[in-house]
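First comes the structure, then the notes that go with it.
Just so it is clear, none of the values below were taken in a lab; they were calculated from the coordinates. Predicted model only: the values in this text are computed from it and were never measured. Virtual Cβ from ideal backbone geometry, glycine too; neighbours counted across all protein chains shown.
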Amino acid sequence: MATAVERRQPGRDPYARFKPWTLPDGILYGPFATRRKGMSLGVNLLPPSEKVCSFNCVYCQCGWTPGKPPPAEELRRRCPDLPTVRETLDREFPRLRQAGRAPDSIVLSGNGEPTLYPDFPEAVEVLLAARDRHLPGIPITLLTDGTELGRPEIRAAALRVDHPTVKLDAGDEQSLRRVDIPLVPFSVGTLLGWLREMPPVVLQACFVRGVVDNATPAAVEAWVAAALSVRPRRVEVYSLDRVPPARGLEKVSAEDLERIAEVDSLRRATRVQKCRET
Ligand code: SF4
């Protein structure tokens, strides 16, 4: 897929110190140790070992998105069906508990954008029921890029989980197009409009520098205004932790993330985290 950013070249790896990434080949992955959510169990509703997303973020820990999301009917054929999801959760959740590996949190994320799953609202109910049966009290986080939040049923399903977390990497359209590279019709203004119609959610932003930079003073100023305009429950900021697909990206230092979080009006809402949960 053509992108505004060059692809990484084999043999020249400026990211040797970064963690590698892999695509889960099943419905569950982990639990993995994370900084903020303790031992975190990932849930992947998307096709095994295949990325499906409505964005093509330059920093994505799943690599480049191979193309636009397939139509729902095609996706339905490639994703695990609901009975398989239910059976897997009912089998594996008790196993984890009995093995003393019950997670501290469950994160609905996986191989791309989870709300593209054709039966997403039903899958959320399956996950909530399995959690209540086998791992009661364990909080569920949804990580979404927000592109499907214009659909009332997706919005309602997102709000069913404990921590609905929406990506907002930029407050201006140019930065959004350079960092997130939407593959579907989408704009910052559209997302903010949807979020203003919803109860508050958690916002999450990845800041990067280098060939793409959404951490300039102007970009941060626009991002702060956008974030505050939707009265978020909380704002989380982070930077590269795994090898990004784009060449020429640089990590924003912890000090600079702290400075972004210290913008007066955001201070109470923002947490700095080093990486995504899963
Ligand atoms: S929205 Fe998430 S999964 Fe999709 S490209 Fe961006 S970081 Fe990757």
Please give the number of the condition ILE138 fails out of (1) of a type in the set (Val, Ile, Thr); (2) within 16 Å of the ligand (Cβ to nearest atom); (3) within 30 Å of GLN98 (Cα to Cα); (4) assigned to a loop (DSSP other than H, G, I, E, B). (2)
Residue pairs, Cβ under 8 Å, 6 or more apart or interchain, first in the stretch 44-56 and closer than 21 Å to VAL126 by Cβ, second assigned to a strand (DSSP E or B) and hydroxyl-bearing (Ser, Thr, Tyr). List them. ASN44/TYR29
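Condition test on LYS37, is it under 21 Å from PRO182 (Cβ atoms), basic (Lys, Arg) and touching a residue at least 60 places away in the same chain (Cβ under 8 Å)?
no
Yes/no matrix, rows are residues, columns are (1) more than 9 Å from the ligand (Cβ to nearest atom); (2) under 15 Å from TYR29 (Cβ atoms); (3) among the small types (Gly, Ala, Ser):
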site: PRO48; (1), (2), (3): yes, yes, no
site: LYS51; (1), (2), (3): no, yes, no
site: GLN61; (1), (2), (3): no, yes, no
site: PRO94; (1), (2), (3): yes, no, no
If you go through the stretch 195-228 one residue at a time, how many are under 20 Å from GLU148 (Cα atoms), surrounded by fewer than 21 Cβ atoms within 10 Å (Cβ to Cβ) and of a type outside the set (Val, Ile, Thr)? 5
Of everything in the stretch 155-186, what is outside any loop (DSSP other than H, G, I, E, B), more than 15 Å from the chain's Cα centre (by Cα) and more than 15 Å from the ligand (Cβ to nearest atom)? Give them in sequence order. ARG155, ALA156, ALA157, GLU173, GLN174
Quick one: would you say LEU168 is crowded, with 22+ Cβ neighbours inside 10 Å and under 21 Å from CYS53 (Cα atoms)? yes
Give the residues of the stretch 63-92 that are within 16 Å of the ligand (Cβ to nearest atom) and either more than 23 Å from the chain's Cα centre (by Cα) or closer than 15 Å to TYR117 by Cβ (or both), sorted by residue number. PRO69, PRO70, LEU75, CYS79
Checking the structure you have, find out if any residue of the stretch 173-192 is under 17 Å from SER109 (Cβ atoms), of a type in the set (D, E, K, R), buried (at least 22 other Cβ atoms within 10 Å of the Cβ) and out of contact with any strand residue (DSSP E or B) (no Cβ under 9 Å at 6 or more places or on another chain). no
Single residue of the stretch 215-251 satisfying the filter (in contact with an Asp or Glu (Cβ under 9 Å, 6 or more places away or on another chain) and in a loop (DSSP other than H, G, I, E, B)) that is farthest from PRO66 (Cα to Cα): ALA215
